[in-house]
Structure formats: C-alpha cells, structure tokens
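Worksheet: the structure to be examined is printed underneath.
No lab work stands behind these numbers, since they all come straight from the coordinates. What you see is a predicted model, and the numbers here were worked out from it, not measured in a lab. Counting neighbours? That spans all protein chains shown, and the Cβs are built from the backbone with ideal geometry, glycine included.
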Amino acid sequence: MKGNLIDILKNVPGEVTLIAVSKTRTPGEILEVYNQGIREFGENKVQELLNKQKVLPSDIKWHLIGHLQTNKIKSIIPFTYLIQSVDSLKLLIEIDKQAKRINRIVNCLLQIYIAEEESKYGLDFNEAEQIITNYQKGQFTNVNILGFMGMATFTNNINQIKSEFRNLKSYFDLIKSLHFSDNPEFSILSMGMSGDYLQAIEEGSNMIRIGTAIFGERDYKKM
Ligand SMILES: *Cc1c(COP(=O)(O)O)cnc(C)c1O
C-alpha cells in the first residue's frame, strides 16, 4: 500500500469516510489507489468524471464535489453516488427533475459557505434552511439530502480553520435536531481536505476529501 495512504488511514477513525479526490489524476493513478482498497472517489468536473467513469471499475462510488452547471447535470445523474456541491436552489430543482426522468433517487449534500474567501461557492445558513424547509414540505421527490459539505478558508491560521469547522458542525446539529430528528439519513458532515482534515475530524467531520496527501501535488498542465 502507498505509504501516504497508510499514514492517512492511521489518523482516520473508522466512522469517518475517506473520499480520494482524483481530479487531474489519470485512470492509471486512480486504479493504483483503487487497488489499495479505496472505493470512493471525488471529481470536480463533469466531463472529467464522465471520461473516468467509463473506463474505471463499476463498483467505484463517484462523488461530485465541484460547482455544477445546471445544463451538465443530466449526464451524471444515472450513476453519481453523492453530489456534495449543491450550492443553489435552482441546482437542486434541476437535479430533482433529471432524477425523476430516469426514476432514480439522487443523494445530495448542501454545500455551506463557511470561509472568509469570496471565491468559494456555497449557501449561507438562511438559504440552506429555506431549501430544507421546502424539502421537508415535499417539494423534491427524487433527491435525498444527506447532510452538509463545507470548505474552510485557505490559511495557516489553525484557530480560524477550527472555528469555521466548529461553526458548521453546530449548524449541522441544529438543523438535524430541528428538521431531521426522525430521519437518521441526514447524517453526513463532509469537511476536511489534505491540509486540514485532522482539524476537521476533531471538530466533528465524518467525511473527508483528500487529494494531494494521497496522490501528491496536482499538475494542472497535464490536463
Ligand atoms: C480539490 C478538492 C479537495 C481535495 O483537495 P486536497 O487539498 O488536494 O486534498 C477537496 N474538496 C474539494 C471540494 C476539492 O475541490
């Protein structure tokens, strides 16, 4: 087994799901990690996901973790295991519509904005609660909202990162108690990447998305 993967798994409790983020990696590189026993992979671009899904083993659970355009949803709906990056009501409506067409229920996380940076996508707490209220009223028939995803600010300030994760965990707990007390399916809190997954786990994450620490530095020029 690749040394870096062993090191990561040593630090990750059993109840935390590891998603190997394979954006920019070749199918060969992904297969190497697959052969170490990893079955859940995350991609952030639709076309890249489609290309890889076609040639890689069918028991891979594919996660979409990047901003989605509504016109690209249709192609990934038949097989995607979890769409982690639902960042607008409009997007969720379209996912629901496309899922209904093929009679599939699609698992989703709402992406919540917790960072200080302007560049990151995501819903604020009010927008998320609005969507969840509509969801509970039955507006969506073909999506399952299973939890939240969030990204901390890209900074060396560990206290800030921890406080952003803590903030999202409190919000997750609040929403769970207000809206999902009788629905154990709402259970996923996806936070933590290569640089901050230990902090994320300390603050209550149960799904981490790790790219660089498994595969090494990304080379975007290769793509
Ligand atoms: C790229 C990416 C990751 C993984 O980042 P690393 O720092 O390489 O671990 C995790 N989450 C999202 C949403 C990403 O786009």
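Among the listed pairs K45/K74; K45/K90; K23/K74; K45/K169, which have their C-alpha atoms separated by more than 22 angstrom in this model? Please report the intermediate quantities before stating the final value.
Details: K45/K74 14 Å; K45/K90 19 Å; K23/K74 20 Å; K45/K169 27 Å.
Pairs exceeding the cut-off: K45/K169.
Which distance in Å, rounded to a whole number, links the C-alpha centroids of segment 126-186 and segment 1-63?
Comparing the Cα centres of segment 126-186 and segment 1-63, I get a distance of 24 Å.
What full-extension length gain, to one decimal in nm, is calculated for I93 and E127 as 0.36 nm per residue of separation minus the Cα-Cα distance? Before the final figure, lay out each step's value.
On the way: separation 34, 0.36 × 34 = 12.24 nm, distance 1.41 nm.
In short, 10.8 nm is gained.
Go ahead and set up a Gaussian network model of the chain, Cα springs under 10 Å, then flag whichever of L146, L68, L174 fluctuates most.
L174
With a Cα-only, solvent-free Debye model of the chain, what are the log10 I(q)/I(0) values at q = 0.09, 0.12 Å⁻¹?
For the requested q values the scattering log ratios are -0.35, -0.63.
Taking R0 as 35 Å, what FRET efficiency do you get between N11 and L174 from their Cβ-Cβ distance, rounded to the nearest 0.05?
Working: r = 28 Å, r/R0 = 0.80.
Between N11 and L174 the formula returns 0.80.
Apply 1/(1 + (r/R0)^6) to the Cβ-Cβ distance of V55 and N144, taking R0 = 35 Å, and write down the FRET efficiency to the nearest 0.05.
Values: r = 28 Å, r/R0 = 0.80.
About 0.80, to the nearest 0.05.
Given the convex hull over the Cα atoms of segment 38-147, what projected area results after averaging over all orientations, in nm²?
Numbers: hull surface 29.1 nm².
Over every viewing direction, the Cα hull of segment 38-147 projects on average to 7.3 nm².
Roughly what percent of Cα-Cα pairs across segment 1-98 reach past 17 Å? Each step should come with its number before you reach the end.
Values: 2460 of 4753 pairs.
Considering segment 1-98, 52 percent of its Cα-Cα pairs are separated by more than 17 Å.
Using only C-alpha atoms and all pairs of different ones, pull out the Kirkwood radius for segment 98-176 in Å with one decimal.
Details: mean 1/r = 0.0722 Å⁻¹.
After inverting the pairwise mean of 1/r, the radius is 13.9 Å.
Order of 122-131, 75-84 by packing, highest average Cβ count within 10 Å first? Intermediate values should be presented prior to the final figure.
Values: 122-131: 16.4, 75-84: 20.1.
Per-residue mean Cβ counts within 10 Å order the peptides as 75-84, 122-131.
For a bin width of 5 Å, list the pair-distance distribution of segment 125-223 built from all Cα-Cα distances, rounded to whole %.
Computed distribution, short to long bins: 2, 12, 20, 19, 15, 12, 10, 6, 2, 0.
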